[in-house]
Amino acid sequence: MEGLADNILRDCLTRIGGIDLCVTEFIRVTTQLLPPKVFKRLCPELVNGCKTPAGTPVRIQLLGSNPEALAANAVRALELGSPGIDLNFGCPAKTVNRSQGGAILLLEPQRVAHIVATVRHAIGDDAWLSAKMRLGFTTKDLAIENAKGIAGAGADELTVHARTKVEGYRPPAHWQWIKKIRAQVSIPVIANGEVWTPEDYLSCKQTSGSEDVMIGRGLVWKPDLALQIRHRQKGQGANPWDWPTLVPTVLYFIDLVEAQVAEKYQHARVKQWLKLLGRVYPQADACFEHGKRLNTLQELRSLVAYSQ
């Protein structure tokens with residue numbers, strides 16, 4: 001979700017409801033202790049108690065392979081106000097994996113466990129430490145070993161994206177593997193992958209045994225998805241949001257982009273979300289297509305406002 005799930009989108013989505021926690025885009029750690037401005041750039045919510053304007057907590061996510069550097073930066077993130085640390089062992093991006101970050105580390109379970117243990121030792125027993133992993137890099141053979149290593153090294157919580165790096169984002173997500181992992185570790189395991197509808201959530205829950213899910217792309221494409229799932233968890237019915245209901249949120253998004261994003265990137269940022277929303281809402285797709293020919297943010301704003 002790098003370059004997409006920033007504080008602007010977090011603000012918009014958490015206002016809709018149903019989200020318990022947000023995790024930042026990853027902060028890449030090499031060998032250095034990063035200055036506070038880096039954390040604040042990727043997590044501006046730090047100035048608001050590390051919560052979105054709607055009050056949803058935001059946890060800082062770190063990515064890297066140097067245990068000591070990750071540990072030092074984890075301590076700094078906590079000092080700045082993050083309500084915990086999340087470690088990324090799931091990113092499938094080639095550029096990240098080439099630099100020994102993300103899912104490539106799953107080829108070495110002992111190395112993964114050492115990273116978690118080093119960070120846990122540095123931040124102490126009371127700080128919350130979570131991790132996210134895929135089922136493996138090329139195969140799923142090391143999935144259980146990695147999960148047990150993460151839990152045994154002191155993580156409080158584990159999110160599992162139910163595909164390998166090589167499988168990328170191609171359906172299906174192998175939720176049955178999450179059930180296998182849950183049987184082997186004592187910490188909470190959160191399911192992730194291919195949850196696009198409330199019905200997908202119920203299927204994932206039944207197959208994986210996990211009550212909680214982490215949603216990425218599905219929530220970006222369908223912003224009320226978490227709210228709909230929350231209603232299902234409570235045994236309540238609710239009508240999905242149609243495009244006219246969503247338009248005020250999109251207009252608010254445009255206002256935030258205008259206020260916070262450099263002018264030369266504003267068009268691309270708005271069109272990026274419109275294109276993704278267009279996979280669910282035909283009106284958003286029409287706005288994206290017509291918006292290609294527009295030259296100002298005000299024209300895009302008017303296009304969205306009149307699309308209802």
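The values are calculated or read from the model by the stated rules, or taken from the named source; none is laboratory data. Since this is a predicted model, take the numbers as computed values, not measurements. Reconstructed Cβ throughout: ideal geometry from the backbone, glycine too, with neighbour counts over all protein chains shown.
List the residue pairs whose Cβ atoms are under 6 Å apart, where the first residue sits in the range 204-216 and is touching a residue at least 40 places away in the same chain (Cβ under 8 Å), the second is in a helix (DSSP H, G or I), and the two are 6 or more positions apart or on different chains.
208/175; 208/178; 208/179
Give the residues of the range 58-84 that are in contact with a Lys or Arg (Cβ under 7 Å, 6 or more places away or on another chain) and buried (at least 19 other Cβ atoms within 10 Å of the Cβ), sorted by residue number.
At the first step, the residues of the range 58-84 found to be in contact with a Lys or Arg (Cβ under 7 Å, 6 or more places away or on another chain) are 58, 63-64, 82-84.
Within the range 58-84, 58, 63, 64, 82, 84 meet the criteria.
Among the listed residues 290, 267, 231, which satisfies the condition of being more than 26 Å from the chain's Cα centre (by Cα), in a helix (DSSP H, G or I) and modelled with pLDDT under 95?
Testing whether each residue is more than 26 Å from the chain's Cα centre (by Cα), in a helix (DSSP H, G or I) and modelled with pLDDT under 95 leaves just 290.
Going by what's in this entry, would residue 162 be described as assigned to a strand (DSSP E or B), among the small types (Gly, Ala, Ser) and either in contact with a strand residue (DSSP E or B) (Cβ under 8 Å, 6 or more places away or on another chain) or not assigned by TED's automatic domain parsing to the domain that holds residue 24 (or both)? Reasoning before the result, please.
On the way: assigned to a strand (DSSP E or B): yes; among the small types (Gly, Ala, Ser): yes; either in contact with a strand residue (DSSP E or B) (Cβ under 8 Å, 6 or more places away or on another chain) or not assigned by TED's automatic domain parsing to the domain that holds residue 24 (or both): yes.
Criteria met by residue 162.
Restricting to the range 177-227, count the residues that are assigned to a loop (DSSP other than H, G, I, E, B) and buried (at least 20 other Cβ atoms within 10 Å of the Cβ). Talk me through it step by step, then tell me what you get.
Quick first cut of the range 177-227, residues assigned to a loop (DSSP other than H, G, I, E, B) only: 183-188, 193-197, 209-212, 215-216, 222-224.
Still in the list and also buried (at least 20 other Cβ atoms within 10 Å of the Cβ): 193-195, 210, 215, 222-224.
Of the residues in the range 177-227, 8 are assigned to a loop (DSSP other than H, G, I, E, B) and buried (at least 20 other Cβ atoms within 10 Å of the Cβ).
Quick check on my filter: what residues within the range 35-69 are in contact (Cβ under 8 Å) with a residue 12 or more places away in the chain and part of a helix (DSSP H, G or I)?
36, 39, 40, 42, 44, 45, 46, 67, 68, 69
In the range 139-154, which residues are without any contact (Cβ under 8 Å) to a residue 40 or more places away in the chain and either touching a His at 6+ places or on another chain (Cβ under 7 Å) or not in a helix (DSSP H, G or I) (or both)? Please lay out each step first, then the result.
From the range 139-154, those without any contact (Cβ under 8 Å) to a residue 40 or more places away in the chain are 139-143, 145, 148, 151-152, 154; that's our starting set.
Scanning the range 139-154 gives 139, 140, 141, 142, 154.
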